[in-house]
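**Q** Provided herewith is a single structure, encoded as structure tokens, for subsequent inquiry.
The values are calculated or read from the model by the stated rules, or taken from the named source; none is laboratory data. Note that this is a predicted model, so its numbers are computed, not measured. Please note: Cβ atoms are built from the backbone with ideal geometry, for glycine as well, and neighbour counts cover all protein chains shown. In case anyone asks, the SASA skips ligands and DNA or RNA and just uses the protein heavy atoms, side chains included. Shrake-Rupley method; radii C 1.70, N 1.55, O 1.52, S 1.80 Å.
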There are 2 protein chains.
Amino acid sequence: MSDFINETVATQLKKNRTGKGWSLDVASQHCGVSKAMLGQIERGESSPTIAKLWKIATGFNLPLSAFLGVNNEQTSHIQGLLADKKVSINTLFEFDKHTGIEMFELCFAIGHEQYSEAHQTGVLEHIVVTCGEMEYFCGDQWHRLNTGESAKFNADQAHGYRNVGNDLLRFFNIIHYP
Amino acid sequence: MSDFINETVATQLKKNRTGKGWSLDVASQHCGVSKAMLGQIERGESSPTIAKLWKIATGFNLPLSAFLGVNNEQTSHIQGLLADKKVSINTLFEFDKHTGIEMFELCFAIGHEQYSEAHQTGVLEHIVVTCGEMEYFCGDQWHRLNTGESAKFNADQAHGYRNVGNDLLRFFNIIHYP
DNA sequence: GCATATTGTACGTTAAAACGCACGGAAGGT
DNA sequence: ACCTTCCGTGCGTTTTAACGTACAATATGC
């Protein structure tokens, strides 16, 4: 349930305390919290209030987050190489219902082109070209993008991309769903 | 004294709750915490335990740090932006109120590092490294990213970036505001 | 006008955080 | 052996977080 947060606080507190070479007694003096309480927290027997945890954090000269194990979902992807395929699509960020964002990196071989059906209304695509030259189709015509250029367009219509340079094309695609 | 932490939790809770258009009752159902308690916390009349605050945070689909207003006293010297040529920031997409997205490309000289203050709650940053090796600071530690890797983290806390490689660092930063 | 939800607050009780003190164990000194 | 000192834990009490319910507000409907 929510016991894991107590566990992380327990381990972090003990690690920080012993790391400074403090006994429960001296830690108590620094923090203004009884050593009995500190012991109970370290054993996971009690869940401190944030007021007390703040006193502990300031006593340790550390930010509050040092005791919370910081749940900031970081995900890391290694870039998938395109062997001898014509195209590779690498998902950098899966669709997130909170932000409405998903992000891909695409690699196109020379001359390759690809089309996509219309998405639902309000969907926006963001293109950033990191390598090569491309054109993207939107509305009723093609638009050119060189390396380092970027564009934003409505994707609630048929659209497409193609490599028009003499090298590998790499570009990012950030899609936002309303 | 240590009352200020209760104040920040109080204001953050009320802001997040009303921001979602939730009453104390529905917030209680989402979090599994009595609405009487939520009311007392919002009025600063009681200091929740971290276990309860964690239940609240998960009920709101927010990180714990969203309620703690982290961080004070963290050495954050804001570097002169484009004055010296140690860093360049290129705006690819201006902030769009419809998508809540803005996007930058950043270039750091060798060894350069830069910090940013906490953004408003719920702000998410997406990092994609296109060249070089970097580390980003988030929560209470640095996280490494090599070329081609990416990461997503909550930016409603003090955070930073630094070039830890032997070459120019290039990375994209997509910031999403809720 | 009178009902009927819906909101946030106040009250009384229960569970638990937090305190102070005392206890057993381990390390060091004489 | 001994005494001393420091460590962490257990116990009893006080404080308070947390709960459930009832209450006074403010709207919406008939």
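**Q** Can you confirm whether A:Lys97 is surrounded by fewer than 16 Cβ atoms within 10 Å (Cβ to Cβ) and either within 12 Å of chain B (Cβ to nearest Cβ) or modelled with pLDDT of 75 or more (or both)?
**A** Answer is yes for this residue.
**Q** Can we say B:Leu145 is over 20 Å from the mean Cα position of the chain (by Cα), at pLDDT 80 or above and open to solvent by less than 10 Å² (accessible area, probe 1.4 Å)?
**A** Criteria not met by B:Leu145.
**Q** Could I ask something else about it? Against the definition (at pLDDT 75 or above, open to solvent by 40 Å² or more (accessible area, probe 1.4 Å) and part of a loop (DSSP other than H, G, I, E, B)), how does A:Asn71 come out, yes or no?
**A** no
**Q** When the residues of the range A:9-29 are narrowed to those that are more than 14 Å from chain B (Cβ to nearest Cβ) and more than 8 Å from DNA strand D (Cβ to nearest atom), which ends up surrounded by the most Cβ atoms within 10 Å (Cβ to Cβ)?
**A** A:Ser28
**Q** Looking at the range B:145-178 only, could you name the residues that are among the aromatic types (Phe, Trp, Tyr) and part of a loop (DSSP other than H, G, I, E, B)?
**A** B:Tyr177 - this is the single residue of the range B:145-178 that is among the aromatic types (Phe, Trp, Tyr) and part of a loop (DSSP other than H, G, I, E, B).
**Q** Additional query: Suppose we filter A:Lys52, A:Lys35 for residues that are open to solvent by 70 Å² or more (accessible area, probe 1.4 Å), within 10 Å of chain B (Cβ to nearest Cβ) and near DNA strand C (Cβ under 10 Å from one of its atoms); which single one remains?
**A** A:Lys52
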